[in-house]
Amino acid sequence: MKLLRTIPFFLLAAVAFAQSRDAAFRQLADKFFAEAYFRFDPVSGTSAGFHQYDSQLASLSRAEIESQVAACRKYEAAVANFSPQGLSPDTLNDRDLLLAQIRGQLLTLEVIRPWEKNPDVYSSGISNAAFSIMSRTFAPPAVRLKSLIAREKLMPRVFQSARENLKNPPRVYTEIAIDQLPGIVSFFQSDVPAAFKDVPAGALQNEFRKSNQAVIDSLNAYLTFLKQDLLPKSQGEFRIGAETYRKKLLYDEMVDIPLDRLLQIGYADLRRNQLEFQRVAALVDKSRTAQQILDETLLDHPSAEQLLPSFRGVLSGLREFIETHQIATIPSKVPPIVEETPPFMRALTTASMDTPGPFETVAKEAYFNVTLPEKDWAAKQTEEYLQGFNRGTILSTAVHEAFPGHYVQFLWIARASSKVRKLLGCGSNAEGWAHYTEQMMLDEGYGNGDLKLRLGQLQDALLRNARFVAGIQMHTGNMTVAEATEFFVKEGYQVRPVAEKEAKRGTSDPTYLVYTLGKLEIQKLREDYKQMKGAAYTLQGFHDAFLQQGFPPVRIVRRALLGNDSPVL
């Protein structure tokens, strides 16, 4: 009897020890978020649902950046020195995730240095600062307008920092910032005032008109500065180099595969998808070439006026299929709102999902943004652009962004087990999941075997394959922007306007290989999980178990689902 009494005691002591260690780590993580994260990025605080940050804005001054580096260094040491002994498996994974994310942030600040090289950081950054206040009704309009005014009063200082910090940026970065600025000016002239039109006339509106006009004046002055002063001096290098690229993958995605091996993986998947495209095209009509079939497929698109309604029509069918075929659990009955992409985001994205933060308690709206052709485009340019939204691509985009892609995943994130999991993650999980679902939905029978839908999915897969290769090759000095553009057209089967935008994007988004990388990681994990589960395996069971983890690197998800550190690829 005495022995039986001591066993529970030791078990309880072990549990209590683990709980105390987990609690101590959570306290450390809370301090990091307060002192080294939201303090220097209050806009992310607003987006996450922490509205005590709504009136704040980072100045991006050199002194502030140096303070951020010092804070990250402090917490890098604190997390690294926090012994993993006694931590529960989930908290141990959170520790590894937080440490990797801190090191990735330090790499960005100290080595990649976008604050010194990319003019768009400043102009698009203030647009997002305003958009995060106006886009969701988490407080009455007058309350949010007060917060916006407070932020707008801090925005001219941001442009002062830009003038102080920017040193010989790459020409393509300055050109992108110049291209985006007219849309940003229009955003503050039209969209921002329209968002607060219901606030009664009076002192608050008068104060807003002054602060908003000051922002518009600062933007116009910044545009002049970029054109007249910075562009002639923009001769810098956008390439981050092989070593920095390797570290960025290691810290951001927890992937340590050598770059030459990654290129082999990327090219192999590119060739597989090209061959599959050829095979499916032959099934459509073997008397014509795959290019001819593709050209015909591209013509099957809605008009500019019908683009948003077309996306809305697809979403309801997707949800019904997911529920009927037990693909994944969707935690909310509320669909995302389909709308035009905000002006400040249009230069580098054709579609995106803007979800509420995991700690947002009031404004739960999610927005599915679609970039429409500009009204002043020539007919030929508009037609070429709309070909990128053919029927197959509309479906794969809706799957990727909404059901069961980003929207469903971020509904799950609010249920994640810790603050670290709700706030920190990576592209190879989030974008990998969304890209994985494009193929998975057709594999599970959506579209009843429609070959042209499969061609659309494959064209999108080839776009991501081209990103995989071009990102590595451009940033390791083996491909120019012009060569990358041609690669997207010839190897990625993309129309030229999309190819040009994608190549430009890759100059400032070096690891946009995460789409294909993550998809391949998830496919391997699914097969390994299926083998482990045997007869108990279900597709919905795998998807729900995956989504339950938040969006950390797939290496961490493998540990949770398989209980080991087996290779991600």
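Any read-out appearing in this document is the output of simple, stated calculations on the displayed coordinates, not a laboratory observation. Here the structure is a predicted model, which means the values were calculated and not measured. Methodologically, a virtual Cβ is constructed for each residue, glycine included, from the backbone with ideal geometry; neighbour enumeration extends over all protein chains shown.
Worth pointing out:
- Calculated FRET value between Ala379 and Arg113, using beta carbons and R₀ = 45 Å, to 0.05: 0.60
- Local electrostatic count, Arg391, Cβ distance below 12 Å [Lys/Arg +1, Asp/Glu -1]: -1
- Among beta bridges from DSSP that stay inside the chain, the antiparallel ones total about 50%.
- Between region 250-272 and region 138-161, the alpha-carbon centres lie 42 Å apart.
- Over 27 Å between alpha carbons, listed pairs Lys380/Lys501; Lys364/Lys524; Lys227/Lys504; Lys146/Lys227; Lys375/Lys504: Lys364/Lys524; Lys146/Lys227
- With the helix formula -39500 (n - 2.57) applied to DSSP H stretches of n ≥ 4, the chain reaches a computed 222 nm mean residue ellipticity of -20500 deg cm²/dmol.
- Cut-off 16 Å (backbone N to label point 7 Å along Cα→Cβ of Val334), residues of region 394-413: 407-413
- Extension gain from Glu444 to Gln213, taking 0.36 nm per residue of separation minus the Cα-Cα distance: 77.9 nm
- Total formal charge among the other residues, if their Cβ is under 13 angstrom from that of Ala24, Lys/Arg +1 and Asp/Glu -1: +1
- Simple rule: put +1 on each Lys or Arg Cβ and -1 on each Asp or Glu Cβ in the chain, find the dipole, and look at Gly236, Ala150, Asn81; the Cα lying farthest toward the positive end is Asn81.
- Long-range amide H partners of Thr341 with built H, under 5 Å: Val370, Thr371, Leu372
- Considering only region 247-562, percent of DSSP beta bridges that pair antiparallel, nearest 5: 50
- For region 247-562, a crude dipole built from +1 on the beta carbon of Lys and Arg and -1 on the beta carbon of Asp and Glu, taken about the Cα centre, is about 940 debye to the nearest 20.
- Test item: Cα-centred dipole of the chain, Lys/Arg +1 and Asp/Glu -1 on Cβ, debye: 1380
- In straight-distance terms, cross-link reach from Lys530 covers every one of the lysines whose alpha-carbon lies under 25 Å from its own, apart from those fewer than eight places away in the same chain; here that gives Lys519.
- Listed residue (Leu423, Val489, Gln19) projecting farthest to the positive dipole end of the chain, Cβ model: Gln19
- Cα gyration tensor category, rounded, prolate or oblate, for region 247-562 with a/c compared to 1.5: rounded
- Span-like helix ranges in the chain, DSSP H, alpha carbon extent 30 angstrom or more, Kyte mean at least 1.0: none
- Mean Cα-pair separation over length for the chain, i.e. relative contact order, pairs under 8 Å, 6 or more apart, %: 15
- A Förster distance of 25 Å, applied to the separation of the beta-carbon atoms of Lys530 and Ser566, puts the FRET efficiency at 0.95.
- Label-to-label distance, Ala80 versus Gln306, with points set 7 angstrom from Cα along the beta-carbon direction: 5.9 nm.
- Length added when fully stretched, Glu243-Asp30, from 0.36 nm per residue minus Cα-Cα: 73.5 nm
- Derived value for the chain: Kirkwood hydrodynamic radius 25.1 Å. Basis is the mean of 1/r over every pair of different alpha-carbon atoms.
- Since only Ala398, Met254, Ile327 are under comparison, the one whose Cα sits farthest along the positive direction of the charge dipole of region 247-562, derived from C-beta charges on Lys, Arg, Asp and Glu, is Met254.
- Potential lengthening between Gln292 and Arg163 on full extension [0.36 nm per residue; Cα-Cα distance subtracted]: 41.4 nm
- Approximate spin-label separation Ala482-Ile265, in nm, with each point projected 7 Å along Cα-to-Cβ: 3.3
- By average C-beta atoms within 10 angstrom, highest first, the peptides 295-306, 526-537: 295-306, 526-537
- Other residues with beta-carbon under 12 Å from the beta-carbon of Pro42 carry, at +1 per Lys or Arg and -1 per Asp or Glu, a net charge of -1.
- Shown for Lys490, Lys380: other C-beta atoms within 10 Å of each C-beta, ranked fewest to most, produce the order Lys380, Lys490.
- Across the alpha-carbon set of region 175-303, the Rg to Rh ratio works out to 1.20, Rh being the Kirkwood radius.
- Summary value for region 247-562: 24 percent relative contact order, contacts being C-alpha pairs under 8 angstrom separated by 6+ residues.
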